[in-house]
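Undergrad: Got a structure for you, questions after.
The values are calculated or read from the model by the stated rules, or taken from the named source; none is laboratory data. Bear in mind that the values here come from a model prediction, so they are computed numbers and not experimental data. Ideal geometry is used to build each Cβ from the backbone, glycine not excepted, and the neighbour counts take in all protein chains shown.
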């Protein structure tokens, strides 16, 4: 059985695949959010161009501006936003105009370059300016910095990058046309079909085939390139072969996979069935090549990318009069893939069991490149447990996991949801192995854990242990050294201090943060820099000195210290009796800050805080309900 999934890569090939995969995710992140716009353009094209379903010269005038300006600008904005937030999106769109103007072809590749570049430039500038803008000038600086950067990057794109991209586009187009004219396009399946199994489909489809397809539509109203990667026929043939000739739960799972793949358009569902018996790569290559050949001979083509790759999406994006050619190509590729796969499936059916499919699904998740290492557990803030409906098993499983993590001293949010409502930005998703492929298609950049038992699966215990080890919150430490791990420790509440000047008080707070292991010594300078820019006195006799934004790298973990000066410390014209030094990572310290804010509303509390000689009183007041 283990030989059936022995689909290994050496380290160099794996690095190359992962780099291409990362590139594919970047491209996908720019294109996928805008697929609706591509489909809208495709429908308008299919309906109103002279060879469309409802030819209309006036309405067809929308086609040119949409493909020339709208679609590249959307890609550029999304690419910039993915890198630098909304400001990055704006600068990315402005930069994209630099490659659009002057070009006589749709500048999708140029948009994929300039969007992220514009976002990166403004992001780096914002990081450099963080904490250095005088109070009251933030809006002025932010607006003009974005405008100046946008203008400069647009000029760079127009004068230098645009012509280079245009030349590369011409070379690429010439090469592709030579392949098509020589009748060699079916051979592309030698790379496309195995690439899909390795989850490189985004790099191929959105990086190469999609832009070429758009140019084809502009010239002749349709393009075969939209069919090369999205054809569901090869995968359908594989699944039909398992349905008819496999045994046990593998045979039983195939019909559901057929529906999800062919009608739902989620091709990832069939990848584990190929990985379970890697020789079936020959079947999908044969199916893909025969389909492309049929499409070529019959002149098939689509007007836009069918997303997802469902047969319904293919038919909806088919040019007028081209449905027979598209359907014929899909059927031929299905038949060829089925016939080739049937031989290998029948030959190996006795060697493939349920465990092989489970291992293959795990291998698919690994190849997807969505797994994070245990060392990255510290970056995970939310775990999503998903089931089909999102109400029954996932709700109970989420509660169970939440309690186990809490008992282990790990403070991470655990939520439950349906597969279709998994957040697109989810970091870690847990699903039953029968639902994992759907979950992967929903949250492509998340880590996915596939389990067979929502409550007692060994992978859940392993997950808890990984957070314990790498999250720095092991249960033994949480119980035995609670004070050592606390954000506010009783030993860091200093009472009855002699009056000093403001700078000395801030340094005292900073030195205590350093001594307690919360920050590096450089953080003290960042606290003083913050005070120079804007006073950290917040009212009611309290000051909360902390570092400027760029000092985040100097914070080891969230921590607070409290210094009481009964005679007060002058913060400008105000007097602070409590100086509370803060170093915060994420939102961990916000609960204590909320308690402090509440405490300062009560005059009796204020009097106690300023004069008490019992650190326990301050500690209890500031940490109320945190341990509940």
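Undergrad: Residues being buried (at least 16 other Cβ atoms within 10 Å of the Cβ) and touching a strand residue (DSSP E or B) at 6+ places or on another chain (Cβ under 6 Å): count how many of those fall in the range 488-507.
TA: Residues that pass the stated criteria total 7.
Undergrad: For the range 274-294, check the following and say yes or no: at least one residue is in a helix (DSSP H, G or I), free of Cβ contacts under 8 Å to residues at least 12 places away in the same chain, surrounded by fewer than 22 Cβ atoms within 10 Å (Cβ to Cβ) and out of contact with any strand residue (DSSP E or B) (no Cβ under 6 Å at 6 or more places or on another chain).
TA: The answer is no, given that none of the residues of the range 274-294 is in a helix (DSSP H, G or I), free of Cβ contacts under 8 Å to residues at least 12 places away in the same chain, surrounded by fewer than 22 Cβ atoms within 10 Å (Cβ to Cβ) and out of contact with any strand residue (DSSP E or B) (no Cβ under 6 Å at 6 or more places or on another chain).
Undergrad: Anything in the range 322-343 that is in contact (Cβ under 8 Å) with a residue 60 or more places away in the chain and either assigned to a loop (DSSP other than H, G, I, E, B) or closer than 24 Å to residue 50 by Cα (or both)? List them, or say none.
TA: Hits for the range 322-343 are 322, 326.
Undergrad: If you check every pair at least six apart or on different chains, which have Cβ atoms under 8 Å apart with a residue in the range 531-542 that is in contact (Cβ under 8 Å) with a residue 60 or more places away in the chain first and a residue that is surrounded by fewer than 16 Cβ atoms within 10 Å (Cβ to Cβ) and in a strand (DSSP E or B) second?
TA: Correct list of pairs: 541/568; 541/575.
Undergrad: Next question, about the same structure. Applying the selection to the range 526-545, what residues are more than 17 Å from residue 600 (Cβ to Cβ) and either in a loop (DSSP other than H, G, I, E, B) or out of contact with any helix residue (DSSP H, G or I) (no Cβ under 7 Å at 6 or more places or on another chain) (or both)?
TA: 529, 530, 532, 533, 534
Matching residues to (1) at pLDDT 90 or above; (2) over 30 Å from residue 66 (Cα atoms):
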site	(1), (2)
185	no, no
188	no, no
201	no, no
204	no, no
223	no, no
229	no, no
240	yes, yes
245	no, yes
250	no, yes
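Undergrad: Residue 275 is checked against (1) within 26 Å of the chain's Cα centre (by Cα); (2) within 30 Å of residue 63 (Cα to Cα) and fails just one. What number does that condition carry?
TA: If we test residue 275 against (1) within 26 Å of the chain's Cα centre (by Cα); (2) within 30 Å of residue 63 (Cα to Cα), just (2) comes out false.
Undergrad: Moving to a separate point now. Checking the conditions here, which among 552, 556 is out of contact with any helix residue (DSSP H, G or I) (no Cβ under 7 Å at 6 or more places or on another chain), surrounded by 15 or more Cβ atoms within 10 Å (Cβ to Cβ) and at pLDDT below 85?
TA: Within the list 552, 556, the selection yields 556.
Undergrad: Any idea which of 565, 622, 571 is crowded, with 17+ Cβ neighbours inside 10 Å, at pLDDT 75 or above, within 30 Å of residue 126 (Cα to Cα) and touching a helix residue (DSSP H, G or I) at 6+ places or on another chain (Cβ under 9 Å)?
TA: 571
Undergrad: Can you report the number of residues in the range 71-110 which are at pLDDT below 90 and under 19 Å from residue 160 (Cα atoms)?
TA: Number of matching residues: 9.
Undergrad: Tell me the helices (runs of 4 or more DSSP H) entirely within the range 351-460 that contain at least 3 residues that are modelled with pLDDT of 75 or more and surrounded by 15 or more Cβ atoms within 10 Å (Cβ to Cβ).
TA: By residue number, 393-407, 436-442.
Undergrad: Which condition does residue 628 not pass, out of (1) at pLDDT 80 or above; (2) farther than 30 Å from residue 520 by Cβ; (3) within 40 Å of the chain's Cα centre (by Cα), if it passes all the others?
TA: All conditions pass for residue 628, except number (1).
Undergrad: Among (1) more than 25 Å from residue 500 (Cβ to Cβ); (2) at pLDDT 80 or above, there is one condition residue 609 misses while meeting the rest; what is its number?
TA: Only one criterion in (1) more than 25 Å from residue 500 (Cβ to Cβ); (2) at pLDDT 80 or above is unmet by residue 609, namely (1).
Undergrad: Just to be sure I understand the filter: pairs with C-beta atoms under 6 Å, separated by 6 or more residues or on different chains, first member in the range 601-626 and closer than 18 Å to residue 488 by Cβ, second member at pLDDT below 80 and surrounded by 12 or more Cβ atoms within 10 Å (Cβ to Cβ). Which pairs pass?
TA: The qualifying pairs are 605/599; 621/599; 622/592; 622/595; 622/596; 624/595; 626/591.
Undergrad: Let me ask another. Which one is nearest to residue 193 (Cα to Cα) among residues in the range 254-273 that are assigned to a helix (DSSP H, G or I) and out of contact with any helix residue (DSSP H, G or I) (no Cβ under 7 Å at 6 or more places or on another chain)?
TA: 259
Undergrad: Additional query: Any idea which of (1) at pLDDT below 70; (2) out of contact with any helix residue (DSSP H, G or I) (no Cβ under 8 Å at 6 or more places or on another chain); (3) not in a loop (DSSP other than H, G, I, E, B) is the one residue 484 doesn't satisfy?
TA: Unmet for residue 484, out of (1) at pLDDT below 70; (2) out of contact with any helix residue (DSSP H, G or I) (no Cβ under 8 Å at 6 or more places or on another chain); (3) not in a loop (DSSP other than H, G, I, E, B): (2).
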